[in-house]
Amino acid sequence: MRKFFNVGDIGDIAAALEEAREVKKNRFAWKHLGENRTIMLVFFNSSLRTRLSSQKAATNLGMNPIVLNIGQESWKLETELGVVMDGDKGEHLREAIPVMASYCDIIGVRSFAGLKDREYDYSETVLSQFIEYSGKPVISLESATVHPCQAFADLITIDEFKKKARPKVVLSWAPHPKALPQAVPNSFAEWMNAADVDFVITNPEGYDLDPKFAGDAIVEHDQMKALEGADFVYAKNWSCPGVNNPDDYGKILSKDPSWTIDAKHMAVTDNAFFMHCLPVRRNVIVSDEVIDSPQSIVIPEAANREISAQVVMKRMLESLK
Ligand code: AN0
Ligand code: CP
């Protein structure tokens, strides 16, 4: 495996889930696989789960993880080509990437969407440069448009908790005070479309996800209708994807608090489990009552980030041999 970016990179979903179960049963069974191997985890943005679960997964495999927080511990990096670098950015990605690559065998990159230029973000400009200039296998640790480690962990979690062979999974937009990327819902949609589930997306008008990720999923703008009979409710805020109006890309079009997931929303589901990738703003995205209920599986969901990361790194190490 040379890159982990889209659902297609994981191959057969059932096989990936089986491998995740094996890893979870005995996560130290491959502790020699990564001996004398180094993974570089490069963060342009904040993180709790991704940073810790990736370090843990790498260590389980016997690898040496190096974490670099760009701009805090390193020089600020310029990502645009052809600019006169007379501002605050002291080094260009064009040099920094091959240098970092020379010290490691695998690279993971977190680089959020700028939410200013849809074309720049949706062409994954920063991640593509890592692929092109490193020559190493690259993992997206949430890049401009995708968060595959999260979506894989979400799939593992649904597989563990489902009570029906083909559960109904609803991705619901929820309000948030700040403009957030579409990476989490994009990947979740892409992975759910590939999984054995009935998948419905609900969001206010103007928030429809890019068809590249939404695929054939049912989009229902009436949130309560969408939630009826759900087995899993996956809440997430995202800013305007700008599909029909590129000028609105990255903007907040609604802060409607009626979309906050509360007990009234959960009451129309089939006693659904509540999921969120975290970090979550309580009583904005979800009420205390719902996130503190026994149906909330946000903690086991986050714990599965170690498992998804380990399966991906394990496959990359196996392909290095
Ligand atoms: C980020 C986002 O929505 O993409 C990271 C989520 C994993 N969330 C925030 O910045 C709050
Ligand atoms: N879910 C997730 O990726 O969390 P962090 O931003 O804390 O890594």
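The values are calculated or read from the model by the stated rules, or taken from the named source; none is laboratory data. Being a predicted model, the structure only gives us computed values, none of them experimental. Don't worry about glycine lacking a Cβ; one is built from the backbone with ideal geometry, like all the others, and counts go over all protein chains shown. Heavy atoms of the whole protein, side chains included, go into the accessibility calculation; ligands, DNA and RNA do not. Shrake-Rupley method; radii C 1.70, N 1.55, O 1.52, S 1.80 Å.
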What does the charge dipole of segment 245-321 about its Cα centre add up to, to the nearest 20 debye, if the Cβ of each Lys and Arg holds +1 and the Cβ of each Asp and Glu holds -1?
380 debye
With every protein chain kept in place and a 1.4 Å probe, the chain has an accessible area per residue in Å² of 42 Å²
So for the pair Asn26, Ile299, with labels modelled 7 Å out along Cα→Cβ, what separation do we get in nm?
2.8 nm
Could you work out how much longer the chain between Glu318 and Lys251 gets when fully extended? Use 0.36 nm per residue separation minus the Cα distance between them, nm to one decimal.
19.9 nm
Measuring from a point 7 Å past the Cα of Leu278 along Cα-to-C-beta, which residues in segment 170-208 have an amide N at less than 13 Å?
none
Pop out the carbon and sulfur fraction of the accessible area of segment 1-127 as a percent, whole number, probe 1.4 Å.
52 percent
Local charge sum around Thr145 (other residues, Cβ-Cβ under 11 Å, Lys/Arg +1, Asp/Glu -1)?
-3
Go ahead and set up a Gaussian network model of the chain, Cα springs under 10 Å, then flag whichever of Ile107, Ile97, Ile291 fluctuates most.
Ile97
Give, in nm to one decimal, the length gained when the segment between Tyr103 and Leu81 is fully stretched (0.36 nm per residue of separation minus the Cα-Cα distance).
5.5 nm
Cα pairs beyond 24 Å in segment 105-217, in percent, come to 31 percent
Cα-based Rg then Dmax for segment 1-134, in Å, read 16.6, 53
Could you give the distance between the Cα centres of segment 139-178 and segment 198-248, to the whole Å?
13 Å
Tell me, what are the semi-axes, in whole angstrom and largest first, of the equivalent ellipsoid of the chain as set by the roots of 5 times the Cα gyration tensor eigenvalues?
32, 25, 16
Note to self, the chain gives a 222 nm [θ] from helices alone (DSSP H runs n ≥ 4, -39500 (n - 2.57) apiece, / all residues, nearest 500) of -10500 deg cm²/dmol
Relative intensity, log₁₀ I(q)/I(0), of segment 150-301 from a Debye sum that treats every alpha carbon as a point, q = 0.08, 0.16, 0.19 Å⁻¹
-0.19, -0.79, -1.16
Would you work out what percent of the accessible area of segment 128-189, with all protein chains in place, is carbon or sulfur (probe 1.4 Å)?
55 percent
Just name one of Ile252, Val197, Ile156: the one whose Cα is farthest towards the positive end of the charge dipole of segment 150-301 (beta-carbon charges, Lys/Arg +1, Asp/Glu -1).
Ile252
